[in-house]
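The structure appears below as structure tokens.
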Amino acid sequence: MFDMEIFRMIGSGLLETLYMVLVSTAMAYVLGLPLGIALVITDKDGIRPMPFVNRFIGIVVNVLRSVPFLILLITVLPITKKIVGTTIGPNATVVPLVIASAPFVARVVESSLKEVDKGVIEAAQSMGASPWKIVYKVILPEARPSLIVGGTIAVTTILGYSAMAGIVAGGGLGDIAIRYGFYRYQTNIMLVTVALLILIVQILQEIGMKLANIGDRRNG
Amino acid sequence: MGSDTMSSGNPIIRIEGLSKTFQGVSGDISALEDISLEIREGEIFGIIGMSGAGKSTLVRCMNFLEKPTKGKVWFNGRDLSQLTKKELYQIRRSIGMIFQQFNLLMQRTVAGNVCFPLEIAGVDKKAAAKRAEELLTLVGISDRADSYPSQLSGGQRQRVAIARALATNPRVLLCDEATSALDPSTTRGVLTLLRDINRRLGITIVVITHQMKVIEEICSRVAILDSSHIAEVGSVEDIFTRPKTSAARRLVFPEDPSMGKLSGTRCCRIVFNGNSALEPVIAEMVLEFRQVVNILFADMKNIDGKAFGHIVIQLPDSGMVADRMMEYVRSKGLTAEEVEGYV
Ligand SMILES: Nc1ncnc2c1ncn2[C@@H]1O[C@H](COP(=O)(O)OP(=O)(O)O)[C@@H](O)[C@H]1O
Ligand SMILES: [Mg+2]
């Protein structure tokens, strides 16, 4: 039913999507992970309470998170142009994806880290561990399974955002779905791309849960 | 009586005029008020009190996990409030701590947990592993070194926590309700281990608990903490046999029903302080007076092979016989006091 041309197009769309999602996720964690850690340790019950810093980061994160992705996508076009040199294609889409998902990642990380038992942190403090050592020797390792689950949520959310970028010719499967399915009424091509997106979500989900369970020693 | 041969007398922890106030949502909460206390090198010191009395706050002030609002804490002669952060971290390595919920790292093996404080202290991996092995042997679970905490029972987890707390060779071990989550027989095992550690390694132990049984079992001295204040401090024997304050009496005689029913019948409380056993005294008294007595209440415990506790007996109607019975009991070196309104 499809010719080679279309297969090739869907294949490269798939690769573009994976590329955008993985690069954006990695960069979102580079920014979001430290922010999430900062939110936890500067909290009033954290190991290094700093109310003003905490409030400031909290507000920035909330503001960015409350902007709908589509609006953000269009608003940051000038910035994208400055950084990447173009506003279309996967590289251009990475910019709004990172801006939108870094604060999301910060919150996901924050909630994972907050699950770590206060008592364990207190025990580490009683041994003379500095706040920094508590972060990388206690909080992060103890939260590892939860962080992996959070990572799975983040990557699937970013995948969803990346598909939306099709509206501004952002490349990838979402772009194909919109161009063919929406503008040209070639529903079958749209269905294939949507099926592929579902499949990717499913695979990412499986891998994430497996990884989280393998690394978790809490249940024997 | 009241001598503690275990301790050499030097205070390893000294607390003076300590108060701690928390800022609560609905105003200030005063957790501790004007606490002064000395814990002597080598002793096992108990702090007992009801829930919310301030025990945890007090023990957390001893390693400055909680900074006092007022007053001072000295560890081994050093004023903790004068230390830099680095110095405080250093000193904390000389003060081990264990908890009711064990607080082990769930994603690390047993051996990994014991190595943890050594990693923080910068000990090299090989030396740390060797030390962990020694400690796990000491606490009796060397066979579980590669297990994860989730695979262990409560008693085993507390043993791991003890091994971990001992890793940096502390001089003091703080135990905050360390046996409160354990069943009685496991509790006994852990308490025996603590006593062993105290005797063999000479580590001073501070035991926080709400259970008198724990104090009786291992402590030489005890402080009674009652709603943010110290009600009494003294040797366990003294406080157990002659509690002066009502707070102490509530803890020592928890099921004391003397506030209950009223009647004219005379009753007598006999306190055993370790000088004699229960059976012969009462039996001989009954034989001597040819009068039956009614035992209304008994709470006896065996501490180090000696009988401690108290019983309440109903005295015969004849006032003369009753008086002479009390005389008799006293002549056996026991404390006898009349209690009113018991029956
Ligand atoms: N971090 C805290 N913030 C506010 N109140 C606290 C805090 N820690 C303890 N308290 C209060 O201080 C009192 C003593 O608590 P605690 O020392 O835990 O008692 P205990 O260990 O004897 O049960 C309680 O009223 C408790 O609610
Ligand atoms: Mg407590």
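For region A:122-134, a tally of residues being more than 7 Å from every other protein chain (Cβ to nearest Cβ) and either farther than 24 Å from B:ASP176 by Cβ or open to solvent by less than 20 Å² (accessible area, probe 1.4 Å) (or both) returns 3.
Within the option set B:VAL172, B:VAL207, B:VAL190, being open to solvent by less than 20 Å² (accessible area, probe 1.4 Å) and within 14 Å of chain A (Cβ to nearest Cβ) holds for one residue only, B:VAL172. Taking residues in region A:43-70 that are acidic (Asp, Glu), and partners anywhere that are open to solvent by less than 70 Å² (accessible area, probe 1.4 Å) and assigned to a helix (DSSP H, G or I), the pairs with Cβ atoms closer than 7 Å and at least 6 places apart or on different chains are A:ASP43/A:ASN54.
Restricting attention to region B:141-193, the residues that are of a type in the set (D, E, K, R) and in contact with a Ser or Thr (Cβ under 8 Å, 6 or more places away or on another chain) total 4.
Reported count of residues in region B:21-38, each being in contact with a Leu (Cβ under 7 Å, 6 or more places away or on another chain) and modelled with pLDDT under 95, is 0.
Restricting region A:135-160 to residues that are within 24 Å of B:GLU87 (Cβ to Cβ) and at the interface with chain B (Cβ under 9 Å from one of its Cβ atoms), the residue that is least open to solvent (accessible area, probe 1.4 Å) is A:VAL138. The sole residue among B:GLY71, B:GLY49, B:GLY77 that is open to solvent by less than 30 Å² (accessible area, probe 1.4 Å) and assigned by TED's automatic domain parsing to the domain that holds B:ALA181 is B:GLY49.
The values are calculated or read from the model by the stated rules, or taken from the named source; none is laboratory data. A quick note: this is a predicted structure, and the numbers were derived from the prediction, not measured. Every residue, glycine as well, gets a Cβ built from its backbone with ideal geometry; the counts of neighbours run over all protein chains shown. All accessible areas refer to the heavy atoms of the entire protein, side chains included, with ligands and DNA or RNA removed. Shrake-Rupley method; radii C 1.70, N 1.55, O 1.52, S 1.80 Å.
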